[in-house]
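Okay, structure first, notes after.
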Amino acid sequence: SAVREALARLSSDGFVVNEPQRGFRVASVSRADLLDLTERRIGIEGQCLLRSIQNGDLAWEGRVLASLHELSRTPVHLQNEFNPAWISTHVRFHATLVEACDSPWLMRIRELLFIHSERYRVLSINLDRPHLDTEHHDIAEAVIARDSERAVALLSEHVKLTARIILENEADGGGGPFLAVP
């Protein structure tokens, strides 16, 4: 019953699909879903970031810098394999950026969108992203400077770039096709 309950919850969050008389399967990924998810995440996460910049205190700034430091010191790859520790460090960095947001509803929606976007981001793990550290550093720098407009613009571009890399790789036939046509 615990497995059934877990599958029901995953189904309600859209991670698995219940097929009558066939059981459950992992929800598929698609170009349309990636594009829609990317735009919704940018909108919601941008609002969370704005509110976090408005409400964040000195301690929050310190946590942003600490999480950036940890992320910059955690290698993406270890001996030609992806480093799983980087995923959790990356998730913490993005969560820290918005943790001073004062809207529980925005944060809940942001969390759901972020988790769904992680399904797509893992598709880009082995693809080249030479300026990833710079992207994170620039976002954190704008946040600490309380430059809301720049911070949101940099975060938006950061999220869009992941989608663009996945779609370009798919178009080039590099490792695909992994995105279903809706």
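Numbers at a glance
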| item | result |
| --- | --- |
| Cα-based Rg and Dmax for the chain, where Dmax is the largest Cα-Cα distance (Å) | 17.4, 55 |
| Length-normalised contact order of the chain in % [C-alpha pairs under 8 Å, at least 6 apart] | 31 percent |
| Förster radius 25 Å - calculated FRET efficiency between SER103 and ARG129, Cβ distance, rounded to 0.05 | 0.25 |
| Portion, in percent, of the accessible area of the stretch 80-133 that falls on carbon or sulfur, probe 1.4 Å | 60 percent |
| Listed peptides 111-122, 54-65 by packing density, highest first (mean Cβ within 10 Å) | 111-122, 54-65 |
| Pair ILE87, GLU5: separation of 7 Å Cα→Cβ label points (nm) | 2.5 nm |
| Residue of THR38, THR96, THR134 that the Gaussian network model of the chain assigns the largest fluctuation, springs spanning Cα pairs under 10 Å | THR134 |
| Charge dipole (debye, nearest 20) of the chain; +1 at Cβ of Lys and Arg, -1 at Cβ of Asp and Glu | 560 debye |
| With 5 Å bins from 0: P(r) over the stretch 63-156, alpha-carbon pairs, percent | 2, 12, 21, 25, 23, 11, 4, 1, 0 |
| Surface per residue (accessible, 1.4 Å probe) for the chain, Å² | 57 Å² |
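The values are calculated or read from the model by the stated rules, or taken from the named source; none is laboratory data. Computed from a predicted model, the values in this text were never measured in an experiment. Positions of Cβ are backbone-derived with ideal geometry, glycine not excepted, and every protein chain shown enters the neighbour counts. Remember, those area values only see protein heavy atoms, side chains included, never the ligands or the DNA or RNA. Shrake-Rupley method; radii C 1.70, N 1.55, O 1.52, S 1.80 Å.
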